[in-house]
Structure formats: structure tokens, C-alpha cells
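The block underneath contains the structure these notes are about, expressed in C-alpha cells.
The values are calculated or read from the model by the stated rules, or taken from the named source; none is laboratory data. Keep in mind that this is a model prediction, so the values were computed, not measured. Heads up, the Cβs are rebuilt from the backbone with ideal geometry, glycines too, and the neighbour counts pull from every protein chain shown.
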């Protein structure tokens, strides 16, 4: 082999070796690579595991931390060596008031007060030596408050030192609660011991488990004695079975609470009634316990017995009386018919009981019974009279007193009727009613007769008196004058007689109403004296006046009636006195309201034995010859009646020479204001009637003449209408200010004429004054409701006519103006508004009222009247106020309601017209 | 670039030409490594470029022709050394498709710092494939020839159309 080939071989081997080594290297590289991968995978796994473990540890730590912080008790860790607080949870922060940082600056002993510190240190020494215990301590908080705490601890290693973890339970509240519970328990025990009721417990077999003091005291047995007894032994023997069965049933049916009453016998043999409440309960071991509260009801039982006895007693009394007793149930069915009832109707109890008894009742009675039955259900006791049909079909009147009775739940259970046979009484009653009707009938006849008489006599008399008055003023010779004087006197006497009779009949029936007004008493008496002084002078009798009354007061009394009394007495005195004196004196024996008036004379006097009868009707002293003295003998009766009506007293006495009447009154007084108006003017100021135009409707020629003369004397323009029709005709042609309307006239009477004036002529505002001689039943309001404004009674006094004319002419508007300004307190602008409002409002309301009245809605009429009243009271006349009050209280029945409202409407319309005419 | 590519190239020159030509191109190339390469090492690509240029000068063959030749040569060596990796390949497309996903993956295990070209493949039809070759070095002819050799291993003819993207 050449050297070259040798080299080539070597080279080839070298190349192959290189390749082989490269291959090995690659293989190794691959192995390394794969191992590296494996290592990396392992490392990754390890990391993951480490992280997982780490997180797990973290979580556990967090939970532990949370538990530590949120534990309901305060937890501290403190070093056993330095006693420093190393850790405290949030509860501790909350409970103690220190922040965590503040805690870390404290020693555990700082949580104790100075007194406890030494024993705490001792305790810590014990802990160090391995003794463990739990104790109650007092801990002091940051704010100084002290809590009672229970501490449990465990020793641990904490950050390389010996430490103690303590759990602190605040037991302050618990201790307090326990204390309260103990107190409560004591209270219950006290309550049971001090109760006035018997309280005890027993087993279901009836053996006593506990008893309170009252139980011992009442039964007379000691607690020990009772505990050896069975409850049933105490019960009165005849009740034992019943009571034991009662409670057996309660136990079997497990009824929680029961109540029953029974008697027990005490140790010394006394009977005691108990009202016993028994309550069943389960104790902790599931056994039934019986607790009992019982009350002594002996007294009530005795009372109940007495009640039963008295009930029996009354029942037998009622049964034995002649009263028919009947018991019905709630539907009216007869439950029990007593013998006494059966005796009245003649049926046997068997025939009645179980029936509704309708065959006993007449139709009328049925109705009444149904109504009463209803009332009784609502608890009313009624007494009523009905007719019963007896078995023999005769009818008997009975008076029934029916009373409801109730069951123990206070529900209506039925009624008891007591029947009294009043057939006899009914007959007498019927006779009485007949007699009464008869009497009333004759009384009415008398009234009608009187009314007619008064009219028939007074009308001509009026003419006689009037004309003689006028005649006196004409030129006459001496004889004529004397004759006229006699005519005047006689006719006046006749008028007086008639007036007396009328007045008496009225006062006897107390039919006259007083019309009090304010007067100065002294002036009134002076006026009377002035009128009579002339009479005395003529007779030659000395008339003395001695008025010793307090001045500065106004007395409220009926001046007319008062004058009548005094005048009558003085006239009497003058009549019976021919020489000497008549004296009128007045004084206030107590105070200004008390008035004593004495009328004394030196006349013939009244015999002693007749002093008591002088005030009776038609009585004059016997020795008085009527022919000498005249008079009706009615005077003193009238005086007596009027004085009584005025709540006064009159008293008569005999003097040595003459008679003395003493009168006492008590009148309400007011202090007299100097500018106050008093109606005591006698002079006629005819200027007040200037320019007035009057229509006089009067059929009687004489009266026409009389009124004409009077009106002439006052310078008043007037026209005469001889009947209603004529009056209306005149009114259609001419305007008048006032109408004087006679009621009784031929062709058309005053009532019809007035109605036509108001409705057809629509003349609401003209004042119409009724002239009437009819003095009985002269209810002014009746005339007012018929469209009149006022009434003038014939024969009238000139003064009355004058005043009335003044009132209805100028005065009215002045008054109205005053009222308007008073209501507006002097403000003219407001008065104007007030007037407008009143007019509009009134017209609206009156329309509504008319509507309500036409539909007979009386209540609504009343309501509207009520709403109008305040304004009417301020602006309207007294008449209007009275009318509205009558409407308001629904005084009218369905028939009279509409006319009343119509007349009210008229008055309002008049008032409206008047208001419009007021110049402010 | 991998030392094995150098060593196989040198071996091909030694075998197909002569050791004198080998020594000559090594000298002419003025290599820093003096032509000493380790099959498991990594060396500068510009030395390989230099060697190919010198051989082209000596042999009068174009560089691309040489690279084709070399691709052909190396395939055999690789097939000899790493044949078991290709045991399951039945179609040349399969090999191309697995270069990136399998073969280069294994190369990287042993030579983590090897700078390998990328082979993106997409089959357009049953016998047409689009392949995107991308590399820092212009070795497309080497790569193509390396691949063309696959035809000898399969029965199909592979027709390559090269389009450079620069």
C-alpha cells in the first residue's frame, strides 16, 4: 500500500470518526434537550404546586384572621414576659374603646383596676407554671366604665416569645339579666303569697303540689296537712262526684282553662263557695300540671239565693194580685199563661201556651202590639191599653205593661206582659170625656157669644162715645151740654162694664198676655194720679200722692195692665169715700226692683167678715147699695187676677176709718239712661203726620165720621171707602201711604180686600192696619199672616191711632235707617253694601223657601228661615222676627205652611221696598 | 449556517472533483475558519457563499447549477443519516409539508441556534401545491434540488416553477 493510500485511509478513518462523534453528539444533544424539557416541566409543576400551597396558606391565615377579628368576644395576645399586649381583635377595639395602636402600648394589667392588679400578677405567675383556670374579673375600659368579664386563655409561642391568648367574655348583661330574673321570680312568689285568691298547684290525681298562704288560711289546713290530702276531700260531699268528673273531662279533653263553682268545707266545718279557674300546662318533663286560682264567692252565692227567694216572693205576690201575667218568647209566642191571665180571658193555660194568641186581639190591638213588640226588642218598657177578645167573644179593655227580659248573654229573650182589667175604668173614662166635651162645647159657645156681644155692643157704643166727644166740642147751650155729659158718662160706664166682663173672662182663663215695656214707675203713677185728681176734686175728697221711689231706674212691666189695676183701686176708693182723703203712696221696701204701692181711703170701709171675699167675682160689700155706688162688682176680681198675673200680691185691710190696699210687685229693672225713649207723650205733634195720605175702609157711617174728624184734627189727608171693593178701586187710581181696613164690611170684607191688594195689586209695601171690634181671638200674628201690618182694636184711643200712623209713616224709615247704620257700625259705604246684599240674598232665599213650602218640605223651610234669621233680627220689625221664628221652629202644619210662607214673603217684600226707600 | 452543510459541500467537491481543487477553493476563498468546520457547529454563511463562488470559477459552472447539484447530493446524505424520519412519507408533498412542522422542529432540538428557512405549503389541487420558501440566504436552488430529489423516492414527477419575491 502506497503512503498516499495509507494517508487516505487514515483520513477516511478520521472523517468517519468525526462523523461518528458528531452523530453521538447529536444523540446526546437530543437527550439533553429532552431532559431539559423534562426538567422544565418538573420545575413548572413545582412552581405551580408552590403557588397553590402559598395561596392555601394565605387563605387559612385570612380566615383565621377574620375569625380572630370578628369573634364575638374580645381576644388579646400578651407577652408572658413583658406583659405587653401584642395583639387585640376588632371586638376588643369596639368593647374597650382603645384603637389597636393604643392597645400595643398597654400592658395587660392596665385593663384592671389597681385593687385587682396584684391578684392578676399572681394569676400570671400561676399560668407561667402551667396552671390553667377560668375566672371572672372586672375590666376597666378606656372611658373608665367597668365590665364583668369571664376570661379563658391558652399559652402559645408568638414571635419567638412565650405569650398568652385570652378570650374575654363580657358577662355584665348576662349577670344583670340573671339578677332581674331572680327579682322577677321573687315578685311572682310574693304575688302568689300576697294574693287574696287561693292559688295552688296539683297533680292530675288531685294531690297538692304547692299552696299559697290564702289557701291555708281559708281552708284552715296547714301546708303540710294539705300536701297529705287529695283535693277532692275538700269538696262538699254532695258536689264531689260532679267536680271530680268535671276535671276528669277537662284532663281528657285537654281543655286548657275551665271555670266552675262549688262549695268546699273548711277544717272547722265552714262552707265556702269557690269560683275556680283551672289551667292545664306541661312541665319540662312533659307531665301535666294543674294550676288553680280560686276566689271565694260565698257572699255572691248567698246573694243569689236571696235573689231567687225574693224572685219567688214577688212572683207569688204578682200571681196573687189581680194582674194577668203572660210570658212570651222573642217571637211573641206565649210561653207561659198564668192563672190570673186566664181568668181575664176565660181560656185555659193549655189553650194559650204555644200559641201566638192572635185570636185574643182585635185588629187595632194587633197593630199596637206589633209596634210595642218592636219597642221591647230595643229594650223599652211600654204601658199601653188594648182590647182583648175573651173566649166568650166579649171584649175587655186591659192595660198592659210589657217589659223585655234577657238571657245571661244579655240578648233579648222575650217579654213579660202584666194585664190589668180596665173595662170598668174605660166606661167611666168615656163618660168623662163626653162630659168634658160637653163642657168645652158650652165654653166655646160662651166665647162665641161674648165675642158677638162685644162686637154688637161695642160698635154702636163706639159711635155714641165718639160722637158725644165731638158734640161736646160744638156750640151747645147749658142744657144740651149737661145732657151730652150724661150721655158721655153713661156710655163710658157701659163700655167699662163690657170691657170689664171681657177682661175678666180673659184673665180668668189667664188668657191675656202681659206686654212688658220699660217705664219710669214714678211717671206712670203720676200720670194715673193726674187723671184721677180731677175726679177727687169734683167729689171734694182730698187726694194725696206720696211717691218715695228710687229714681234713675226703668222698670219692665205692662203699663196698660198696671194702670188698670191702680186706676181701678183708686176709682173704687173715690167711689166709697165721701169725705176725708184718698192716698196713693209708693216705696221700695227692699231695693229698686221691689215696689210697694198703698192705696188708702177714709171711706165707709169693708166689713171685717167680708175682707176675705172682696176679690171674688160679682161681690161687693153687702151693705153697699149698687144703686148708690154703681159698678159691676167685677173690679176687684179683675185687679186680683192681673196682680197675680204680674207675680205680685194684693192685700186688703180694714182701718179704723176706711180701707187700705197694699200691693207688692217685683219688676225687673234697668238703669235709666237719660236719653232713653219712654212712651209717655200725650201731646200729639201733628207735624209728624204732615203730608200723609190715608185710605179709610169703613162701612159704618158714624165711624167714618169719627175717624174723619180725628184725622182732620191732625191735618192728615184721607179718603173713605165704604167697602173692600171700593178701597181697591181707589187704590188703583191713587197712591196712599197707609190703609186703615175695617174687617167686617159688606160686598167685600177687609181680609179679602187685603189679599187682593197684596197679590193682585202686588202692593207689598203699603202698611195696612186692621180695624176690628172683635177682641176675642185677636191674635195679632193671625192678622200679620194675612197680610196686615198691625191691628187697631175698636173702640181705639186717639193716642193709639196716632202712634200707629206715626210708626208706619216716617218713623219706619228712620228706624230702618238707624238699624242699617247700627248693623254697619256707622259706615255708610258698608251700609249700602249691606242693603244690597240683604235685598239680593233675601229674594233668593224667599224663592227657595216658597219652593220648599209648595213641596211641604217643612224642615227645609225651617232651615232657610234659620239662615235668614240673623239678618232679619238686625233689620226687620218685631213682627217679622216673630214670624220667622215660627217658621224656623216649624210651627205650621202642612196646610198652614204655604200661607205662612206667603205672608212671610209679603213682609220681606215690604221690608225690601222699605229698605230701598231708605236714604242713607 | 450549520457546519454539516459546509462539510457535505467540501466532501462533494473532494469526491466529484479532487482534493487539489478542494484545497485550491479553500485557499482562494480566504476563509477566517481556514475551511475547518464542525458538523455540529454553526459557521458564517458568507464563507459558504465564498466557497461556492470559487468553485464556480474553477469549474466554470454557474453558482445556481452548483447549488442544484449540491442539493441533490445532500439529500442522499440526509436520507442515509436520517432516513427513519421519512419512513412514513408516501408522497413528496407530504415531505414538504412536514419540513416546517416536523423536521425543522427536531433540528431545533439539537441545534437551538440554527437559522432555518421556512416552508409554507398550501395544496391547491390533488397534484398541485403552492409552497412559500423564505430564508435569509439565497439558497432556493439548493432547496429546490434538495426537494426535487424526492421524485426518486416517489413515483411522481414534480414540476417546480420558481418565483422569487426577493
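Could you please find all residues in the stretch A:12-22 being within 13 Å of chain B (Cβ to nearest Cβ) and more than 18 Å from residue B:3 (Cβ to Cβ)?
Residue satisfying the conditions is A:12 alone.
I need a count of the residues in the stretch A:62-73 that are surrounded by 11 or more Cβ atoms within 10 Å (Cβ to Cβ) and not in a loop (DSSP other than H, G, I, E, B).
Residues that pass the stated criteria total 5.
Would you point out the residue of the stretch B:79-97, among those that are in contact (Cβ under 8 Å) with a residue 40 or more places away in the chain and outside any loop (DSSP other than H, G, I, E, B), that is nearest to residue B:48 (Cα to Cα)?
Once the filter is applied, the top-ranked residue is B:79.
Here is a check on your reading of the model: is residue A:298 at pLDDT below 85 and more than 16 Å from residue A:419 (Cβ to Cβ)?
Taking the combined requirement at face value, the residue does not satisfy it.
Among the listed residues A:56, A:40, which satisfies the condition of being within 14 Å of chain B (Cβ to nearest Cβ) and modelled with pLDDT of 90 or more? Steps first, please.
Working: A:56 fails: within 14 Å of chain B (Cβ to nearest Cβ).
Being within 14 Å of chain B (Cβ to nearest Cβ) and modelled with pLDDT of 90 or more holds for just one of A:56, A:40, which is A:40.
If residue A:333 satisfies every condition in (1) surrounded by fewer than 12 Cβ atoms within 10 Å (Cβ to Cβ); (2) within 22 Å of residue A:406 (Cβ to Cβ) but one, which is the exception?
For residue A:333, the failing item is (1).
Quickly run through the stretch B:22-32 and pick out the residues that are touching a helix residue (DSSP H, G or I) at 6+ places or on another chain (Cβ under 6 Å) and more than 14 Å from chain A (Cβ to nearest Cβ).
B:25, B:28, B:29, B:31
Which of the helices (runs of 4 or more DSSP H) contained wholly in the stretch A:704-809 include at least 2 residues that are closer than 26 Å to residue A:501 by Cα and in contact with a strand residue (DSSP E or B) (Cβ under 9 Å, 6 or more places away or on another chain)?
Of the helices (runs of 4 or more DSSP H) lying wholly inside the stretch A:704-809, those with at least 2 residues that are closer than 26 Å to residue A:501 by Cα and in contact with a strand residue (DSSP E or B) (Cβ under 9 Å, 6 or more places away or on another chain) span A:780-785, A:798-806.
Could you list all residues from the stretch A:208-229 that are out of contact with any strand residue (DSSP E or B) (no Cβ under 6 Å at 6 or more places or on another chain) and exposed (fewer than 14 other Cβ atoms within 10 Å of the Cβ)?
Matches in the stretch A:208-229: A:217, A:222, A:224, A:228.
Select from the stretch A:362-381 the residues that are more than 16 Å from residue A:412 (Cα to Cα) and part of a loop (DSSP other than H, G, I, E, B) and list them in ascending order.
A:362 - this is the single residue of the stretch A:362-381 that is more than 16 Å from residue A:412 (Cα to Cα) and part of a loop (DSSP other than H, G, I, E, B).
I want to confirm something. Restricting to the stretch B:109-119 and keeping residues that are under 22 Å from residue B:46 (Cα atoms) and within 14 Å of chain A (Cβ to nearest Cβ), which single residue is surrounded by the fewest Cβ atoms within 10 Å (Cβ to Cβ)?
Here the answer is B:113.
Please enumerate the residues belonging to the stretch B:76-102 that are within 14 Å of another protein chain (Cβ to nearest Cβ) and touching a helix residue (DSSP H, G or I) at 6+ places or on another chain (Cβ under 6 Å).
Hit for the stretch B:76-102 is B:77, nothing else.
If I ask for residues that are at pLDDT below 85 and farther than 17 Å from residue A:323 by Cβ, which ones from the stretch A:388-425 would you list?
Across the stretch A:388-425, the qualifying residues are A:404, A:406, A:407, A:408, A:409, A:410, A:411, A:412, A:413, A:414.
Can you tell me how many residues within the stretch B:120-147 are surrounded by 17 or more Cβ atoms within 10 Å (Cβ to Cβ) and in a loop (DSSP other than H, G, I, E, B)?
Residues flagged as surrounded by 17 or more Cβ atoms within 10 Å (Cβ to Cβ) and in a loop (DSSP other than H, G, I, E, B) within the stretch B:120-147 amount to 1.
Within the stretch A:296-339, track down each residue that is touching a residue at least 60 places away in the same chain (Cβ under 8 Å) and over 42 Å from the mean Cα position of the chain (by Cα).
Residues satisfying the conditions are A:296, A:322.
So, in the stretch A:183-203, exactly how many residues are in contact with a helix residue (DSSP H, G or I) (Cβ under 7 Å, 6 or more places away or on another chain) and surrounded by 14 or more Cβ atoms within 10 Å (Cβ to Cβ)?
Of the residues in that region, 6 qualify.
Identify the single condition in (1) over 28 Å from residue A:29 (Cα atoms); (2) in contact (Cβ under 8 Å) with a residue 24 or more places away in the chain that residue B:40 does not satisfy, given that it satisfies every other one.
The one condition residue B:40 does not meet is (1).
When you go through A:901, A:912, A:881 one by one, which is the residue that is surrounded by fewer than 16 Cβ atoms within 10 Å (Cβ to Cβ) and at pLDDT 80 or above?
A:881
Being more than 25 Å from residue A:25 (Cβ to Cβ), outside any helix (DSSP H, G or I) and out of contact with any helix residue (DSSP H, G or I) (no Cβ under 6 Å at 6 or more places or on another chain) is the requirement here; does residue B:61 meet it?
yes
Checking residue B:59 against (1) within 23 Å of residue B:20 (Cα to Cα); (2) within 14 Å of chain A (Cβ to nearest Cβ): exactly one of these is not met. Which one?
It is condition (2) that residue B:59 fails.
Would you mind finding the one in B:105, B:39 that is more than 24 Å from residue A:16 (Cβ to Cβ) and within 14 Å of chain A (Cβ to nearest Cβ)?
From the options B:105, B:39, the qualifying one is B:105.
Scan A:327, A:380 and give me the residue that is farther than 27 Å from residue A:424 by Cα, surrounded by 12 or more Cβ atoms within 10 Å (Cβ to Cβ) and in contact with a strand residue (DSSP E or B) (Cβ under 9 Å, 6 or more places away or on another chain).
Values: A:327 fails: farther than 27 Å from residue A:424 by Cα.
Only one candidate passes the filter, namely A:380.
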